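Peer 1: What follows is a structure written as structure tokens; I'll ask about it next.
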Amino acid sequence: MNENSDKKVAVLIDAENIASRNIDEILDKASLEGRATVKRIYGDFSAESKSGQARSWNKIVSEHALSQVQQIQNSSGKNSSDSALIIDAMDLLYSETIDVMCIVTNDSDFTRLAMRIADSGLEVIGMGTSERDTSKSFVSACTKFYYLDENEKTQDKAAAAAASASKAHGKKAAASTAHSASVNPAAGGVQAAGKPPSGNNGKAQDVPKKVIDTIITAIENEDLIDDDWANIAPIGSVLYRRFPEFDPSLWNRPKQLSQFLKGLDEYFEVVTGETIGRQGGSYIRIRT
């Protein structure tokens, strides 16, 4: 993933087809490809909209710096948001300011668009909610395709790892969790850089779940070697692309990436390359 660090990604989301609950996974996977410099959603977001799914996006646009492209559906059976997304995609293609086009939809109507972008030599990343819901023709037209039904699997894997570590650490782990909850009970996302957590007393605090999920996604999409080990070098790039304000010291954690990841031992195992017969560097895998 190192070669992706400077790639500029446009993320175009069909809000009529994709639910807002998928946003974290969408941005996680876009971060695997490069930095999302364009993030737009298309649909009728007005109070009069017949699409509750589109209206649900109104609650999260500010949090994720999304640009809404409002399209009123003027006539029955016609989806003007599809046309707006296609026009914007072609404008971005000809502007030559984008390296990767990410189209998030289940709709087969975007198959020709994906083919046209690929014909121009641009990478086309598709995303859809599940294999059952997503058009097979659209999947085939994309350079790469991600299904957005992985969050539940990721959560289960992370929960299983945490439960296993909790047994191993016993009361110590329980006490640490209780302390973190009392110090920062509302931690649900990355806090703004330069603003230390309230009650900071030097003890390590819980890292937000969405950061853990992003690390897991990055590992699972790396080129894994024997026993599922991944080089940690690209992990930091993914974290900074996903969270520009990422700073382990916000949770009183070491800033060095290998030490930060090693401190998350309830979720991950981190070893030096020599330990597993590799030359130099550090490697990580999801604890099972």
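Peer 1: With the requirement that a residue be charged (D, E, K, R) and either part of a helix (DSSP H, G or I) or closer than 26 Å to ARG35 by Cα (or both), what does the stretch 224-278 give you? Can you show your working first?
Peer 2: Filtering the stretch 224-278 for residues charged (D, E, K, R) gives 226-228, 241-242, 245, 247, 253, 255, 262, 265-266, 269, 274, 278.
Within the stretch 224-278, ASP226, ASP227, ASP228, ARG241, ARG242, GLU245, ASP247, ARG253, LYS255, LYS262, GLU274 meet the criteria.
Peer 1: Identify all residues within the stretch 198-234 that are of a type in the set (A, V, I, L, M, F, W, C), open to solvent by less than 70 Å² (accessible area, probe 1.4 Å) and at pLDDT below 90; write none if there are none.
Peer 2: Within the stretch 198-234, ALA204, ILE225, ALA233 meet the criteria.
Peer 1: Next question. What's the number of the condition VAL11 fails, among (1) open to solvent by 20 Å² or more (accessible area, probe 1.4 Å); (2) at pLDDT 95 or above; (3) of a type in the set (A, V, I, L, M, F, W, C)?
Peer 2: Looking at each condition in turn, VAL11 falls short on (1).
Peer 1: Is it the case that ASP82 is at pLDDT 85 or above, open to solvent by 30 Å² or more (accessible area, probe 1.4 Å) and closer than 23 Å to PHE138 by Cα?
Peer 2: No; evaluated as a whole, the condition is false for this residue.
Peer 1: Another question, if that's okay. Looking at ARG55, ARG21, ARG40, can you tell me which residue is at pLDDT 95 or above and open to solvent by 20 Å² or more (accessible area, probe 1.4 Å)?
Peer 2: After ruling out the rest, the residue left standing is ARG40.
Peer 1: Of the conditions (1) open to solvent by less than 20 Å² (accessible area, probe 1.4 Å); (2) at pLDDT below 90; (3) of a type in the set (Gly, Ala, Ser), SER5 clears all except one; give me its number.
Peer 2: Single failed check for SER5: (1).
Peer 1: Just to be sure before I move on: is ASP133 within 20 Å of ILE23 (Cβ to Cβ) and charged (D, E, K, R) in the structure I sent? Reasoning before the result, please.
Peer 2: Values: within 20 Å of ILE23 (Cβ to Cβ): yes; charged (D, E, K, R): yes.
Yes; evaluated as a whole, the condition is true for this residue.
Peer 1: Follow-up question, since we're still on this one. Tally up the residues in the stretch 270-284 that are of a type outside the set (A, V, I, L, M) and buried (at least 18 other Cβ atoms within 10 Å of the Cβ), please.
Peer 2: Going through the stretch 270-284 one residue at a time, the tally reaches 2.
The values are calculated or read from the model by the stated rules, or taken from the named source; none is laboratory data. This is a predicted model, so every value here is computed, not measured. Methodologically, a virtual Cβ is constructed for each residue, glycine included, from the backbone with ideal geometry; neighbour enumeration extends over all protein chains shown. SASA here: full protein model, heavy atoms, side chains in, ligands and nucleic acids out. Shrake-Rupley method; radii C 1.70, N 1.55, O 1.52, S 1.80 Å.
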